[in-house]
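To start, the structure under review is shown below, and the notes come after it.
The values are calculated or read from the model by the stated rules, or taken from the named source; none is laboratory data. All values derive from a computational prediction rather than experimental measurement. Don't worry about glycine lacking a Cβ; one is built from the backbone with ideal geometry, like all the others, and counts go over all protein chains shown.
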C-alpha cells in the first residue's frame, strides 16, 4: 500500500513498487502485468497514478504497452540507471583530466605569477559569484564565469602548451561544471575558489597544488561512491564472494 503523498510522489512510489515486483521475480520477463484496475487496487492509488507510473517504466524500458493486449515486462532492470552510470564514468574521466591539468597549472602559477596577473585572477574569482539562479540563461552565464576563472588559472601557469590543451578541452570542462549544478555532485563554493587564489598568491607551489587537490577531491570521491553503488541489474556482492 502506498500512503497519501503528493501526486508526483505517488507516481514515483507506484513505479518503485512495480519495479520491486519485476526485480523480485513476481512479474517475469515477457509476462503481462495485472490490468490497470487491479494495479490500482493492489497499490491503493488511483488509476491515473497507475497510468503515469506505467508510462514512466515504459520510458525507462522496463515495460512495454501493447495496444489491445496489455502491458508486458520488457526488462528486469532500469535501463536508464545503466546509462546514468555510464555517463558518470565519462564525467569522472573528464574530472581526472581537469585534475591533472589544473593541479599542474596551480603549481606553475604559484611561481610564475606577477601582481597584475594575480589581480586579474582575483577579479575573475570575485566575478564568478555564487550559483543561486534557476533559469537556463543565468545558469549558462554562471558556467561561463566559472570557466573564465579556471582559464585564468591556466593562463597564470605561463605554459602555452598547457593553455592550448585546456582550450581544446574547454567543452568538457563546461560539462564538468554543469554536472556539479545538478545537486548530484558537490559544487565547490566561492570560498574554495578563493583558497586557490590565496594559495597561488603564497608563491608556494605545494600549497597551490594542495588547494587544487582539496578543490577536486570531494567531487572525485563522490563520483567513486556513485559508480560503486550497484544499479538494479547489479546486485550487491554477498560476503565471501
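Please name all residue pairs, on different chains or six or more residues apart, with Cβ atoms under 6 Å, provided the first residue is in the range 30-45 and is in a helix (DSSP H, G or I) and the second residue is modelled with pLDDT under 95 and exposed (fewer than 14 other Cβ atoms within 10 Å of the Cβ).
Hits for this filter: 36/47; 40/47.
Count, please, the residues in the range 172-211 that happen to be in a helix (DSSP H, G or I) and over 20 Å from residue 222 (Cα atoms). Let's see the steps before the verdict.
Kept after step one, since they are in a helix (DSSP H, G or I), are these residues of the range 172-211: 172-179, 190-201, 205-211.
Of the ones still in play, those that are also over 20 Å from residue 222 (Cα atoms) are 194-201, 205-209.
Looking only at that region, the number is 13.
Kindly establish whether residue 16 is out of contact with any strand residue (DSSP E or B) (no Cβ under 7 Å at 6 or more places or on another chain), part of a helix (DSSP H, G or I), modelled with pLDDT of 90 or more and over 30 Å from residue 195 (Cα atoms).
Working: out of contact with any strand residue (DSSP E or B) (no Cβ under 7 Å at 6 or more places or on another chain): yes; part of a helix (DSSP H, G or I): yes; modelled with pLDDT of 90 or more: no; over 30 Å from residue 195 (Cα atoms): yes.
The answer is no for residue 16.
Among the residues of the range 152-165, how many are outside any loop (DSSP other than H, G, I, E, B) and surrounded by fewer than 17 Cβ atoms within 10 Å (Cβ to Cβ)? Outline the logic, then answer.
First, the residues of the range 152-165 that are outside any loop (DSSP other than H, G, I, E, B): 152-156, 160-165.
Now drop any that are not surrounded by fewer than 17 Cβ atoms within 10 Å (Cβ to Cβ), which leaves 160-161, 164-165.
Residues flagged as outside any loop (DSSP other than H, G, I, E, B) and surrounded by fewer than 17 Cβ atoms within 10 Å (Cβ to Cβ) within the range 152-165 amount to 4.
Identify all residues within the range 143-166 that are within 22 Å of the chain's Cα centre (by Cα) and in contact (Cβ under 8 Å) with a residue 60 or more places away in the chain; write none if there are none.
166
Inside the range 44-60, can you point out the residues that are at negative phi and modelled with pLDDT of 90 or more?
Selection gives 45, 46, 47, 48, 49, 50, 51, 52, 53, 54, 55.
Kindly evaluate residue 107 against the criterion of being at pLDDT below 95, in a helix (DSSP H, G or I), surrounded by 14 or more Cβ atoms within 10 Å (Cβ to Cβ) and not assigned by TED's automatic domain parsing to the domain that holds residue 15.
Working: at pLDDT below 95: no; in a helix (DSSP H, G or I): yes; surrounded by 14 or more Cβ atoms within 10 Å (Cβ to Cβ): yes; not assigned by TED's automatic domain parsing to the domain that holds residue 15: yes.
No; evaluated as a whole, the condition is false for this residue.
Taking the options 70, 30, name whichever one is surrounded by fewer than 18 Cβ atoms within 10 Å (Cβ to Cβ), at pLDDT 90 or above and out of contact with any helix residue (DSSP H, G or I) (no Cβ under 9 Å at 6 or more places or on another chain).
Result: 70 is the single residue among 70, 30 that is surrounded by fewer than 18 Cβ atoms within 10 Å (Cβ to Cβ), at pLDDT 90 or above and out of contact with any helix residue (DSSP H, G or I) (no Cβ under 9 Å at 6 or more places or on another chain).
Given (1) surrounded by 14 or more Cβ atoms within 10 Å (Cβ to Cβ); (2) free of Cβ contacts under 8 Å to residues at least 40 places away in the same chain; (3) under 21 Å from residue 95 (Cα atoms), where does residue 131 come up short, assuming only one miss?
(2)
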